[in-house]
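Since the structure comes first, as structure tokens, the remarks are kept for the end.
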Amino acid sequence: MEQERTRYAVEVPKLGSLILTHDWNGTVRGLKEWPAADRPNSAIVFWSFRVMVGAGLAMLAVGAWSLALRVRRRLYAQPWLLRTSVALGPIGIIAVIAGWITTEVGRQPYTVYGLLRTAESASPIEAAAVGASLAAFVVVYFAVFGAGAFYMLRLMGKPPGASEPGLSPGEPMRASGLMPGPVMGKEPGA
Amino acid sequence: VMHLDLALIWAGLLAFAVLAYVVLDGFDLGVGILFPFLPDEKQRDEMMNSVAPVWDGNETWLVLGGGGLFAVFPLAYAIIMPALYAPVIALLLGLVFRGVAFEFRWKTRRGKFLWDFAFAAGSTLATFAQGIALGALVQGIPVSGRAYAGGWWDWLTPFSIVTGVALVFGYALLGATWLIYKTQGPTQQQAYRFAHVTGAVTLAAIGLVSLWTPFLSDVFRERWFSWPRILYVAPVPALVACAAYVLFNGLRQRHELSPFLASLALFVLCFVGLMISFFPYLVPTSVTLWQAAAPPSSLAFLLAGAAFLIPVILAYTAYSYWVFRGKIELGGGGYH
């Protein structure tokens with residue numbers, strides 16, 4: 001990063017010009033043309049962008065692999081596809097978060113690009129208050145998602161039955177999630 | 001072409017969203033507040049089932065109110081949110097716990113008591129924080145230029161604690177009268193008792209806050225006690241007295257729906273009272289709704305979306321309440 005250069009570069013000429021300026025011969029000004037105070041952290045953006053694209057390509061590859069097996073009617077007979085799919089379970093959220101980091105870090109030092117700098121858009125709330133609320137959110141999210149992950153893993157530990165049970169006794173119908181109809185065996189609201 | 005005051009239309013829409021939030025989430029938060037006073041597990045299931053199909057829809061209005069304030073009155077949002085930072089964060093964390101309790105409570109037998117606690121404590125905390133936020137807004141927020149100029153404990157005063165406690169009793173009243181309407185048998189009988197107590201405390205709190213508010217600012221005092229304005233505002237306390245009569249008469253005669261409607265009317269009247277005190281300020285008494293409004297092009301663009309969205313929300317909300325109408329029944333096989 002100190003040397004401000006990319007090792008092992010693969011270069012496609014002209015494509016960047018077309019995407020960013022909609023002109024085959026448009027000029028894309030490099031990061032080094034801006035003063036250092038107006039640049040984002042290029043190492044974070046460099047890696048988060050590649051993680052995002054890599055995750056996307058991995059998902060495409062698994063999709064293509066499963067399609068190929070499907071065409072050959074071997075979709076359920078290939079344990080390595082199933083293992084890979086389980087291993088790739090979290091990859092969607094990894095791609096989303098990497099993409100999000102790319103956007104947010106890449107926009108720095110601006111909140112609204114070119115108009116409002118992040119330092120100018122901070123609220124007058126004291127740092128201690130922001131820190132306390134952040135700590136509270138971290139604690140609450142770990143507690144809630146910890147419990148959620150525990151219940152999900154327990155649910156995943158049970159093999160799926162031929163006919164999934166409906167609501168357990170006493171459990172409420174909801175406007176979202178479970179469908180009330182077959183469980184009730186009566187007209188809604190009866 | 002008639003000139004439309006878009007900022008005023010938006011203020012009306014957001015006032016409606018906030019009122020809808022208060023009365024709708026009010027009764028399901030109230031059910032959570034009453035949870036500790038009904039230790040029987042079957043009755044707790046019954047209480048929770050009475051709000052399970054609608055509580056998350058009820059909270060839509062909080063998102064609409066908060067998101068609308070951000071988009072339409074950005075200056076008011078930028079001043080109010082830092083001023084109410086701590087209570088707003090407490091409100092959100094309380095809602096997180098009571099929200100997941102609806103799902104997780106049914107996933108465990110050993111841990112059920114924990115989610116019962118999360119439901120009750122989360123509901124009470126969220127309500128108390130809302131009441132404190134309201135009190136802090138009413139008592140006044142120091143503003144300098146276009147920003148909040150106070151400290152981050154300014155929201156904590158005797159007045160805001162009174163409004164916080166008052167709202168806990170007010171939502172508990174909504175919850176109790178909702179349970180009267182939706183349940184039967186022993187749960188309903190206990191709900192009648194809860195409604196008597198919470199109704200009496202709520203009315204006392206309405207009286208206390210109404211008498212206290214005019215002393216907080218000359219603007220409020222002028223609104224309520226100057227001649228001839230006192231004539232225009234007098235119907236509000238008179239209607240509060242009528243609603244109180246309908247409430248207690250309904251409780252005494254064991255009506256099932258009128259106590260709930262009377263409690264809703266009390267909240268609507270308190271909200272009207274607040275609007276009389278506030279208008280045209282969004283941050284009393286420093287920023288008016290016209291000063292806080294986004295540019296007219298933004299207001300018009302957002303209004304086009306709201307003109308489509310709000311009728312859709314109203315329609316599916318009404319449909320949801322219709323589908324889940326009637327009494328909750330106890331017993332095996334879940335909710336019949």
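So for the pair B:D218, A:L57, with labels modelled 7 Å out along Cα→Cβ, what separation do we get in nm?
So the two model labels end up 7.1 nm from each other.
Starting from the Cα of B:L156, step 7 Å toward the Cβ, then list every residue of the range B:127-145 with an amide N under 17 Å from that point.
Residues B:128-137 qualify, since their backbone N sits under 17 Å from the label point.
Be a star and scan the range B:143-170 for residues whose amide nitrogen sits under 19 Å from the point 7 Å along the Cα-to-Cβ vector of A:T111.
From the range B:143-170, the list is B:143-152.
How high is the FRET efficiency from A:A143 to A:W34, r the C-beta distance, R0 56 Å, rounded to 0.05? List each step's numbers first, then the result.
Numbers: r = 43 Å, r/R0 = 0.77.
Using R0 = 56 Å, I get an efficiency of 0.85.
Hey, for a label at B:R146 modelled as a point 7 Å past Cα toward Cβ, could you say which residues of the range A:100-132 have their backbone N under 17 Å away?
Under cut-off, by backbone N: A:111-125.
Looking only at trypsin sites (Lys or Arg not before Pro) in DSSP loops with at most 12 other Cβ atoms within 10 Å, what is the longest site-free stretch of chain B?
B:1-108
Cα-based count: Lys pairs in the protein assembly as shown below 18 Å, eight or more positions apart or different chains? Don't skip to the end; give the middle numbers.
Values: A:K158/B:K107; A:K186/B:K327; B:K42/B:K107; B:K42/B:K112; B:K42/B:K182; B:K42/B:K327; B:K182/B:K327.
Lysine pairs satisfying the spacing and distance rule in the protein assembly as shown number 7.
State whether the range B:185-336 is rounded, prolate or oblate according to the following rule on the C-alpha gyration tensor (a ≥ b ≥ c being the square roots of its eigenvalues): a/c under 1.5 gives rounded; otherwise a/b larger than b/c gives prolate, and the remaining case gives oblate. Can you show the working numbers first?
Numbers: a/c = 2.97, a/b = 1.27, b/c = 2.33.
Note, shape of the range B:185-336 comes out oblate.
Relative contact order of the range B:115-246: what whole-number percent is it, with Cα pairs under 8 angstrom and at least 6 residues apart?
On the way: 110 pairs, mean separation 25.8, N = 132.
Dividing the mean separation by the residue count of the range B:115-246 yields 20 percent.
Quick test of the membrane-span-like rule: which DSSP H helices of chain B reach at least 27 Å along their long axis (C-alpha atoms) with mean Kyte hydropathy at least -0.5? Display every interim value, and only then the final one.
Values: long enough: B:6-34 (41 Å, 2.07); B:85-104 (28 Å, 1.72); B:112-139 (40 Å, 1.04); B:158-182 (36 Å, 1.42); B:185-212 (40 Å, 0.51); B:258-278 (30 Å, 2.22); B:296-323 (40 Å, 1.48).
The answer, listed by residue number, is B:6-34, B:85-104, B:112-139, B:158-182, B:185-212, B:258-278, B:296-323.
Read-outs: derived from the displayed coordinates by stated rules, not from any lab. Note that the structure is predicted; figures quoted are calculated from it, not measured. When we count neighbours, we look across all protein chains shown, and the Cβ atoms used for this are built from the backbone with ideal geometry, even at glycine.
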